[in-house]
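> Below is the structure I would like to discuss, written out as structure tokens.
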Amino acid sequence: MRRLGKVDERELVALYNAASVVAYPSLVEGFGLPVVEAMACGTPVLTSNVSSLVEVGGDAAVCASIPSMCRRFGVAWSPCSGTGPCAGGAVKPASGTPHGSPGKGRRTR
């Protein structure tokens, strides 16, 4: 996993197309636009089983709890208190975990 920050739309489409899967763990999500964007590029989606993400992903997405997603992708998750970026949980790479490789190309939207 890599944290990229803000990317422009062209780069975003290229990233979705190159991905093997888009993992979108979220505790609070208004709509789930990244889930829709990934699906529009034909990329499989793994997302949280909370909020509107279950409805947005429908039968096309795999929905799971954040702790189970973290175990699957080899990252540690622990709940924390407060507000800001850490509110609801902190995610960090687990030690000794290999990073995923890019997936096959997919169609553009």
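> Could you please let me know if residue 53 is within 12 Å of the chain's Cα centre (by Cα), surrounded by fewer than 20 Cβ atoms within 10 Å (Cβ to Cβ), in contact (Cβ under 8 Å) with a residue 24 or more places away in the chain and farther than 22 Å from residue 11 by Cβ?
When the stated conditions are applied, residue 53 does not pass them.
> Those residues that are touching an Asp or Glu at 6+ places or on another chain (Cβ under 9 Å) and within 15 Å of residue 54 (Cβ to Cβ), I need them from the stretch 6-36; list them, please.
The answer is 32, 35.
> Next question, about the same structure. For the stretch 4-37, enumerate the residues that are closer than 24 Å to residue 67 by Cβ and among the hydroxyl-bearing types (Ser, Thr, Tyr).
Hits for the stretch 4-37 are 20, 24, 26.
> Here's something else I'd like to know. Please enumerate the residues belonging to the stretch 29-50 that are under 22 Å from residue 74 (Cα atoms), β-branched (Val, Ile, Thr) and either in contact (Cβ under 8 Å) with a residue 60 or more places away in the chain or outside any loop (DSSP other than H, G, I, E, B) (or both).
Those that are under 22 Å from residue 74 (Cα atoms), β-branched (Val, Ile, Thr) and either in contact (Cβ under 8 Å) with a residue 60 or more places away in the chain or outside any loop (DSSP other than H, G, I, E, B) (or both): 35, 43, 45, 47.
> Then there is this: Which of (1) loosely packed, with under 12 Cβ neighbours inside 10 Å; (2) without any contact (Cβ under 8 Å) to a residue 24 or more places away in the chain; (3) not β-branched (Val, Ile, Thr); (4) not in a helix (DSSP H, G or I) does residue 63 not meet, given it meets every other one?
All conditions are met except number (1).
> Now, a different point. Looking only at the stretch 1-28, how many residues end up being on the phi < 0 side of the Ramachandran plot and free of Cβ contacts under 8 Å to residues at least 60 places away in the same chain?
So the answer is 15.
> Would you check which residues across the stretch 3-18 are in a helix (DSSP H, G or I) and surrounded by 11 or more Cβ atoms within 10 Å (Cβ to Cβ) and list them?
11, 12, 13, 14, 15, 16, 17, 18
Any read-out appearing in this document is the output of simple, stated calculations on the displayed coordinates, not a laboratory observation. These numbers were taken from a predicted model, which means no experiment stands behind them. Cβ sites come from the backbone with ideal geometry, for glycine too, and all protein chains shown count toward neighbours.
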